[in-house]
Amino acid sequence: TRLILNMSVVIVTGVPGVGKSTVMAAAEEYGYKIVNFGTTMFEEAQKEGVADRDDMRKLAVEDQQRLQKQAGEKISQMGDVVVDTHASILTSSGYMPGLPEWTVRALNPDVIVLVEATPDEIAGRRSKDASRARDSDDIDLHQNVNREYAATAAVMTGATVSIVENHDNQVDVAVEQFRRILNK
Ligand code: AMP
Ligand code: MG
């Protein structure tokens, strides 16, 4: 198959536990490098003594923003990438944008993907993953906030927004939706 690649930056977002990492794994076949924004932030945070990636969202918002800026600048220099990240992060002072103006302008995405599932499905997946310290938040509200924040980042950059539904036992359908976005 001939692959026509005319997109360089694809941002994939979704609430914790929705399965975005699984859905986006197909991107490697299309020549994209997959970059996890949280991992890039955590590499910086570790130098400052943060021991667990799930502790970053509990830092002061100004510290999270500083780490976020450092990660955004690094990733913006990487070329063709699919970025695994969040449209919003639930902090103790509210929903912090994962793609604030300075970050989304630096990344300049072509597409912002929202991976979604039903709140029950997401709660079920979280309860099965003992490796992560997930919050027990209002999943429906968080997904609604994510749509609003993604829309704002899209309007700032001209990126399109695409919703991929990742329902239980239908990950192949979700991957196919995602492939279609990459293979435009
Ligand atoms: P994840 O493994 O995708 O759940 O990401 C781990 C952590 O990285 C999140 O809980 C956030 O603290 C942080 N993180 C990921 N993406 C962003 C972003 N765009 N802005 C701020 N923090 C982020
Ligand atoms: Mg993940």
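Picking from Leu107, Ala130, Gly79, whose Cα lies most toward the positive end of the charge dipole for the stretch 69-139 (charges on Cβ: Lys, Arg +1; Asp, Glu -1)?
Towards the positive end, the residue furthest out is Ala130.
Take every DSSP beta bridge with both residues inside the chain and express the antiparallel ones as a percent of the total, to the nearest 5.
Here the share of antiparallel DSSP bridges comes out near 20 percent.
Taking the Cα centre of the stretch 79-184 as the origin, how large is its charge dipole in debye, to the nearest 20, when only Lys and Arg (+1) and Asp and Glu (-1) carry charge on their Cβ atoms? Mind dumping the intermediate values first?
Numbers: 10 positive and 17 negative charges, 56 e Å.
That gives a dipole near 260 debye.
Taking the full set of protein chains and a 1.4 angstrom probe, give the accessible area of Asp55 in square angstrom, rounded to the nearest 10.
Counting only protein heavy atoms, Asp55 exposes about 70 Å² to solvent.
Against the 2.2 N^0.38 Å scaling, with N counting residues, where does the stretch 1-98 land? I'd like the Cα-based Rg ratio to two decimal places.
So the Cα radius of gyration is 1.15 times the expected 2.2 N^0.38 Å.
Can you bin every Cα-Cα distance in the chain into 5 Å intervals starting at zero and give me the percent of pairs per bin, rounded to whole numbers?
Final binned percentages: 1, 8, 18, 21, 22, 17, 9, 3, 1, 0.
Taking the Cα centre of the chain as the origin, how large is its charge dipole in debye, to the nearest 20, when only Lys and Arg (+1) and Asp and Glu (-1) carry charge on their Cβ atoms?
Details: 20 positive and 28 negative charges, 91 e Å.
So the magnitude is around 440 debye.
Which of Ser162, Phe178, Ser8 sits farthest toward the positive end of the charge dipole of the chain, with +1 on the Cβ of Lys and Arg and -1 on the Cβ of Asp and Glu?
Ser8
Give the long-range amide H neighbours of Thr91: residues separated by 5 or more places, or on another chain, with amide H under 5 Å away, using H modelled in the peptide plane at 1.01 Å from N.
Met96
Within the set Lys47/Lys69; Lys33/Lys58; Lys58/Lys128, which residue pairs have Cα atoms separated by over 20 Å?
Lys33/Lys58; Lys58/Lys128
Calculate what fraction, in whole %, of the accessible area of the chain sits on carbon and sulfur atoms when a 1.4 Å probe is rolled over the protein chains.
Carbon and sulfur: 49 percent of the exposed surface of the chain.
Determine ³J(HN,Hα), in whole Hz, for all residues of the stretch 14-31 in sequence, where each value follows from phi through the Karplus function 6.51 cos²θ - 1.76 cosθ + 1.60 and θ = phi - 60°; x replaces Gly and Pro.
Rounded to whole hertz, the list is x, 5, x, x, 6, x, 5, 4, 5, 5, 7, 4, 4, 4, 4, 4, 9, x.
The values are calculated or read from the model by the stated rules, or taken from the named source; none is laboratory data. Since this is a predicted model, take the numbers as computed values, not measurements. Here Cβ is always computed from backbone atoms with ideal geometry, including for glycine, and neighbour counts include all displayed protein chains. In case anyone asks, the SASA skips ligands and DNA or RNA and just uses the protein heavy atoms, side chains included. Shrake-Rupley method; radii C 1.70, N 1.55, O 1.52, S 1.80 Å.
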